[in-house]
Amino acid sequence: MYQPTRRLRVSVALLGLCTLTFVALAQRSQPPVPPVTAPEAITPEHLFRFTPYAHTFDVVESPDEDERIVIRLGRKGDDPPVWVLEIGDLQRLYLVERDDGALVMTRMDLLTENRAVLYKPAVILLPSRLQASVRIEETGRAGVYDLQTGERVRTGTYSHRIADVGRVRFNAPIGVLRGYLLEHEHNLDMDLGMLKIELETGWTPTRGLVYLRQRSTMETLGLFGSTTIRSFILSERTPANTGRREPRRSS
C-alpha cells in the first residue's frame, strides 16, 4: 500500500534471537511517488525533534494480526540526554544527538525476543548533513544482552551504511506527505548466525518519522533463513486509547 519504490537494504546479524516467518500482505493503495529530485542539504533537526509524542501508524505489512500500532518517543536519561523510540511492543530504539548534530542509536531492544543489542560506536540514523551525495559507512562492536538478567549472551561486529537518500511523496491515510526516504544497510555478525534487515525510513519536516519498513532475514551457520516483513505508515497524530496495538478486524 504505502511501500516506496525504493527498498532499503540493511543487514544485521543476531544470533539466536528469533525465528522469523515471511509474510507479505497485499497492497491496499498506491505507493509513494518515487523521488523526483535530489534533496538539498538539510540537518536532522529539520526532520526529528526531541519532543515527546505518541502517533498511530497503520500496519501495511506484518506477520501479526494487527491493524494499527502506536509509535512513541519519550525521554529516558539526562547525562547525556537519551530518548527512546518505542515501536509498539516490538522494539525500543535508544537515540542520542551527537555533538555534530547527527541522530544516532546506541541500543536496540528486541522486545519479543527479550534481547538488547548495544552498539559501539553508535549507529547513525540521520547524518549531520542529509543530501543525495552523502554516503555513510561505519563499523563497530555489538553485544547482545538478556533484557531480564542483563547477562551478555553474544558479542560480534556490525557494519552500517546509509545507501541512499531521496525526496518522495508518501500517500498516507492523512493525506500526501512530502518528505525524505532513507535506505540503510546494517550487518551484525555473531558467532553462529546473521540477521539481515532491509530498512526504509520516511521523514517529513513537520511530522518527523512517518514511514517505516523492515525486512528481516535470519541466517544460521551460513544457511538461508526465514524472512519477516513489517511496514507502517502514519495515520494519526495521537494514539488509540486502547493499548499499543489494535487487532485487525475480521472480514
Complete set of residues in the range 113-159 that are within 20 Å of Gln91 (Cβ to Cβ), touching a helix residue (DSSP H, G or I) at 6+ places or on another chain (Cβ under 8 Å) and assigned to a strand (DSSP E or B): Leu126
Return only the number of the condition from (1) within 27 Å of Leu47 (Cα to Cα); (2) surrounded by 15 or more Cβ atoms within 10 Å (Cβ to Cβ); (3) charged (D, E, K, R) that Glu137 does not satisfy. (2)
Quick one: which strands (runs of 3 or more DSSP E) sit completely within the range 160-240 and have at least 3 residues that are surrounded by fewer than 21 Cβ atoms within 10 Å (Cβ to Cβ)? 175-189, 208-220, 227-236
Report yes if Arg154 is in contact (Cβ under 8 Å) with a residue 40 or more places away in the chain, among the basic types (Lys, Arg) and closer than 21 Å to Thr56 by Cα, otherwise no. no
So, in the range 75-126, how many residues would count as being free of Cβ contacts under 8 Å to residues at least 24 places away in the same chain, surrounded by 15 or more Cβ atoms within 10 Å (Cβ to Cβ) and among the basic types (Lys, Arg)? 2
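Laboratory data are not the source of any read-out in this text; all were calculated from the coordinates shown. Quick caveat, the model's predicted, so the values are computed rather than measured. All Cβ positions, glycine included, derive from the backbone under ideal geometry; neighbour counts span all protein chains shown.
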